[in-house]
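Trainee: One structure, as structure tokens, below. Some questions next.
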Amino acid sequence: MIRYGRQFLDKNDIEGVVSVLKSDFLTQGKTSSILERDICAKFHTKAGCVVSSGTAALHLVSRVLNWKEKDLIICSPITFVATANSIIYSEASPLFVDIDPNTFNLCPDKTEYELRKDKKKKIRAIIATDYAGNPCNWKDFRFLANKYNLSLVNDNCHAIGAKYNNDISYAAKYADLVCHSYHPVKNITTGEGGAVISNNLSLVKKIKILRNHGLYKKNTPSFIPDPGKMVSLGYNYRLSDINCMLGITQLKKLDKFLKRRTEIARAYDNEFSGINYLKTQFIKKQDKSAYHLYPILIDFKKIGKNKIELFKLFYKNKILPQVHYIPVYRHLFYKKKFNTVYKNFIHAENFYKNEISLPIYYALKNDQIKKVVKILKDFIS
């Protein structure tokens with residue numbers, strides 16, 4: 001099957017993991033510190049904390065920013081549920097704001113519209129997702145965060161290695177906290193895992209305490225037993241040394257992975273240029289997407305066909321695309337809890353109706369790309 005995404009592992013990854021399996025520490029050794037060091041060096045940030053998943057990263061962010069009941073946190077409805085769930089974990093509520101119809105990211109103008117309406121100052125933060133790997137308009141969001149005295153969070157789980165204004169360090173430069181995911185379909189993987197990176201040393205220090213059951217340990221010599229004292233209610237969100245070693249070897253291949261993903265995206269771009277009723281994501285010339293996803297919009301109504309027909313055709317040809325995403329407010333839990341009015345989200349609704357994510361991953365072959373393109377073009381024509 002040609003799937004929408006998959007991991008790539010080589011002998012260096014396997015040998016690295018095996019070396020940990022043969023060592024004295026499978027968890028809580030030195031490997032997590034090495035991965036944190038490498039991540040900070042790669043993205044030019046001052047501090048980082050690896051955790052058990054991207055969801056854990058988002059949850060810890062909600063804790064250290066002290067979101068509470070009756071707080072509102074702005075986020076896009078076109079994101080994985082973990083983004084909004086992390087808000088509810090803290091007993092705050094997500095305030096969904098519509099997307100830009102071209103970039104598919106959270107719309108800054110619509111965000112400011114909601115901020116202007118917020119006379120009681122309930123909005124505490126903005127979480128902006130770099131959807132599919134395409135950086136948001138971070139200058140605008142930083143301006144809004146400063147103007148309205150808000151925290152700014154980058155859900156960077158799609159965009160590991162992306163560049164904003166040709167700068168790979170943009171995420172922590174503009175956002176107060178940045179969340180990574182290293183799930184197998186992401187640009188690099190630790191199996192399951194994630195991280196929080198930031199230039200705010202104090203916040204990352206708090207996250208490291210929360211990651212390990214809320215235990216604080218002094219910098220005592222290793223020969224002095226120090227079980228630590230629990231200073232807050234924390235979690236077991238540590239990432240094992242096995243996972244961390246895989247992250248270390250994967251990170252070394254990130255540039256290679258991104259180069260191939262960009263080649264695949266360019267091939268799709270060239271094939272789809274000028275095709276009626278098919279729209280691709282707009283990416284500014286000075287930005288570089290990480291291409292975690294390759295989303296397209298097809299105007300199914302105008303071609304007189306539907307999405308299910310296309311998925312059946314792909315499946316018949318052993319291709320498995322995906323939809324990213326169902327708007328979060330449409331999930332049963334959110335429908336019951338918030339009763340969102342769909343017509344207030346014109347662009348998110350149109351996006352959901354017409355979006356499919358095509359296969360894009362490092363090991364995807366050129367003949368497989370041609371197969372996907374041919375089937376899609378034949379279907380549209």
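Trainee: Can you pull the one-decimal nm distance between simple spin-label points at Lys229 and Asn149, each 7 Å off the Cα toward Cβ?
Mentor: Going from the Lys229 label point to the Asn149 one covers 3.3 nm.
Trainee: Now for a different question. Please compute the Cα-Cα pair-distance distribution of region 2-253 with 10 Å bins starting at 0, giving whole percents from short to long.
Mentor: 7, 31, 35, 19, 6, 1
Trainee: Nearest 0.05, what FRET efficiency do Asp24 and Leu201 give at R0 = 51 Å with Cβ-Cβ as r?
Mentor: 0.95
Trainee: How many nm separate the modelled label positions at Leu332 and Gln286, each set 7 Å beyond the Cα in the direction of the Cβ?
Mentor: 4.7
Trainee: If you don't mind, there's one more thing I want to ask. So what is the diffusion coefficient of region 200-358 in µm² per second by Stokes-Einstein at 4 °C and 1.567 mPa s, using a Kirkwood Rh over Cα pairs?
Mentor: Reported coefficient: 62 µm²/s.
Trainee: So, one more: Taking the highest mean first, how do the peptides 177-189, 93-105, 255-267 order by number of other beta carbon atoms within 10 angstrom per residue?
Mentor: 177-189, 93-105, 255-267
Trainee: If you don't mind, there's one more thing I want to ask. Taking R0 as 30 Å, what's the FRET efficiency between Glu263 and Asp378 from their Cβ-Cβ distance, rounded to 0.05?
Mentor: According to the calculation, E is roughly 0.80.
Taken together, the values in this text are just the output of simple stated rules run on the coordinates, not laboratory data. A quick note: this is a predicted structure, and the numbers were derived from the prediction, not measured. No Cβ is skipped: glycine too gets one built from the backbone with ideal geometry, and neighbour counts run over all protein chains shown.
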